[in-house]
Amino acid sequence: MMSARKPIAVLFVGFAIGFILGIIILSPSEDPLPSSSHAKRQSTCNHPPEKKGLVEGNYKSWLANQGAVRNSLDIDDFLYGKGRKQAILEAEMLKNKVHITCVVFVEREKNAIAASHTWLKHCNDYELYHAKRPQDLRLKEFSAELKVQIIEVASSWDFLCKIILNLWKSKGTQLQWLLFVSDDMFVVPENLRRMVAHVDSDDPYYLGHAQTLWGQPFNVALAGYVLSKGTVRLLAGNFSSLETCSSGGKYWKKEDYYLGRNLEALCVLPSDTRDESGKGRFHGYNLNQLLFSNKLALIASYWKNSIYPSTEGKECCSDLSVTFQGIEADKMYMYDYIVNHLHVFTQGQHGNRPAPTPYPPEQVWQDFMRSRGYTSMENVSSKQYIEAWKAKINEDLIKVGLKNKKNVWRGLDLKDGGGHGEAIPLPFGVDTLLDTE
C-alpha cells in the first residue's frame, strides 16, 4: 500500500526540479544582471558617489555673483497692489538662466494631458515619448495636440537610449539639464533649478534617489532622474548610433539600472541630492504614503537599499522637493493649485477689496426691472422685485415645457393691498392675465 507521505514528497521534488529548471532556462546567456556575489564589489572609478557641489551655501554665493539681491516680498502688494509691476521673482530669474528639458514616458493619455496642463508648463521645454514594444499588436494612439513621439524599441533601455541620442542630436547645444519621469509623476521644476543653478551643466551629474541593486548604484526610475549636459555628452559618445543602444541592456523595466551601470563605466555615479537637513528631494511615492510612518513597510527596500538614507513621516521630504510619484491625473491639478496658485496671507489690505466690475450692481437689478416693464425705479419694493423674478423663472419653465401656464407667476405692478395691475406681455406671446396665487 502506498504511503500517504509519498505523493507529498513527489510533489515537493517535482516543484524543486521545476524551480531549478526555470532558473536555468530563464538565466540569460549574455547581458546578465549581476548576482549577489557582486554586492560588495568596488567601483572602478577613482571617486566615490558624493554630494558634488550640491549644497545650499554654494547657491547663495552663485546668487550673489549674479548681482541678485533677495528681498522679502509682500504677497498682498505683489498680487493686488503696485508691487507686481516692480518685483522680479527668483523663480522667473532662474527660469531664464537654468534650462530644464522635461522628458515624460507616456502610457496613459489622461496623465499626459494633466501634466501638460499643470507642471510641464514650468519646464523650459518638454518632450513626450511612448515605447512601442515588439509584443504590441496595435499602435497606441494619442491626441495630436500632445505630440507624443512613438519609438519602436526592443527594451526599456533601448527606449531611453534612443531618446537620449535623439535629444542630443536635435538639441545638443541648447541642453543644460534633462529630467526623465513617468507620466504619473508631479514635478516642481523651480526647485530643480535652484538645486543645480550653481553647478556647471557641462560637468557630468547624475541626480535622483540613489539605490543599489546587486551592488550597482543607480537612481531609481520610481523617483525620476536628472542628467546634465556633460553626462548626456558622455552617453552619446559611448553609444554612437541608435543601433548600438540595444547592446546596453535588454530587459524591460530595468532602464534605470542599466543607466546606472552604463554611467558607472563612464565614472559617473549618483550624487547625494538630499538637502542640508538630510531630507530627500526625489520621491518614489506620493505625499500620502510618505508623510505617515510605516505606510511603506511592505516596500521597505526603497529605504533599505538607498545609498543616501532618508526617512518617512513628517521628516520625509525637503521643502525644496523636486518629484513625487504615483499621482493620478485629477490629483495633478490639486497639486498644481496648492504649489503654484495657493498663497498664504498673514497681513495686507489690497486683496480684501471688492473685485472691480464694469457693470455696477445697482444697474443689474434696475435693468432687470426695466425688462419687466417698470419705468421708474424709485418706488420699487422688495416684494415687487421677488415677484418679478418668480415670473421670469416660471416663463423659462414654460418655454421648456416644465410648467403649466395656469400656474405661472407674473411680474405685476402690485398696489397696496395686493391688487392686480395691468398685464405685462410675456416675450413668447402669452398675454393673458394670470393669477399670482
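Out of Leu263, Leu259, report the one residue that is crowded, with 22+ Cβ neighbours inside 10 Å and touching a strand residue (DSSP E or B) at 6+ places or on another chain (Cβ under 6 Å). Before the answer, list the steps.
On the way: Leu259 fails: touching a strand residue (DSSP E or B) at 6+ places or on another chain (Cβ under 6 Å).
Of the residues listed, the single one that is crowded, with 22+ Cβ neighbours inside 10 Å and touching a strand residue (DSSP E or B) at 6+ places or on another chain (Cβ under 6 Å) is Leu263.
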Tell me which residues, restricted to segment 127-171, are without any contact (Cβ under 8 Å) to a residue 60 or more places away in the chain and among the small types (Gly, Ala, Ser).
Ala131, Ser143, Ala144, Ser170
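Looking at segment 116-145 only, could you name the residues that are crowded, with 16+ Cβ neighbours inside 10 Å and among the polar types (S, T, N, Q)? So that I can check it myself, show each step before the final result.
Taking segment 116-145 as the starting set, the residues that turn out to be crowded, with 16+ Cβ neighbours inside 10 Å are 116, 118-120, 122-124, 126-131, 142.
Within segment 116-145, Ser116, Thr118, Asn124 meet the criteria.
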So, in segment 173-195, exactly how many residues are open to solvent by 10 Å² or more (accessible area, probe 1.4 Å), outside any strand (DSSP E or B) and either outside the structural domain of Tyr206 (by the TED database) or not charged (D, E, K, R) (or both)?
5
Given the structure, is Lys304 more than 22 Å from the chain's Cα centre (by Cα), modelled with pLDDT of 80 or more and surrounded by fewer than 12 Cβ atoms within 10 Å (Cβ to Cβ)?
yes
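Taking segment 151-166 only, how many residues are surrounded by fewer than 20 Cβ atoms within 10 Å (Cβ to Cβ) and in contact with a Leu (Cβ under 7 Å, 6 or more places away or on another chain)?
Start the filter on segment 151-166 by keeping residues that are surrounded by fewer than 20 Cβ atoms within 10 Å (Cβ to Cβ), which leaves 151-152, 154, 165-166.
Applying the additional criterion that residues be in contact with a Leu (Cβ under 7 Å, 6 or more places away or on another chain) yields 165.
The qualifying residues number 1.
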Taking the stated definitions as given, is Leu167 under 22 Å from the mean Cα position of the chain (by Cα), in a loop (DSSP other than H, G, I, E, B) and under 27 Å from Ala91 (Cα atoms)?
no
Out of Lys95, Lys121, Lys162, report the one residue that is over 26 Å from Cys245 (Cβ atoms), in contact with a helix residue (DSSP H, G or I) (Cβ under 8 Å, 6 or more places away or on another chain) and part of a helix (DSSP H, G or I).
Lys95
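The values are calculated or read from the model by the stated rules, or taken from the named source; none is laboratory data. Keep in mind that what you see is a predicted model, and the values were worked out from it rather than measured. Note: ideal-geometry Cβ built from the backbone for every residue, glycine included; neighbour counts use all protein chains shown. In case anyone asks, the SASA skips ligands and DNA or RNA and just uses the protein heavy atoms, side chains included. Shrake-Rupley method; radii C 1.70, N 1.55, O 1.52, S 1.80 Å.
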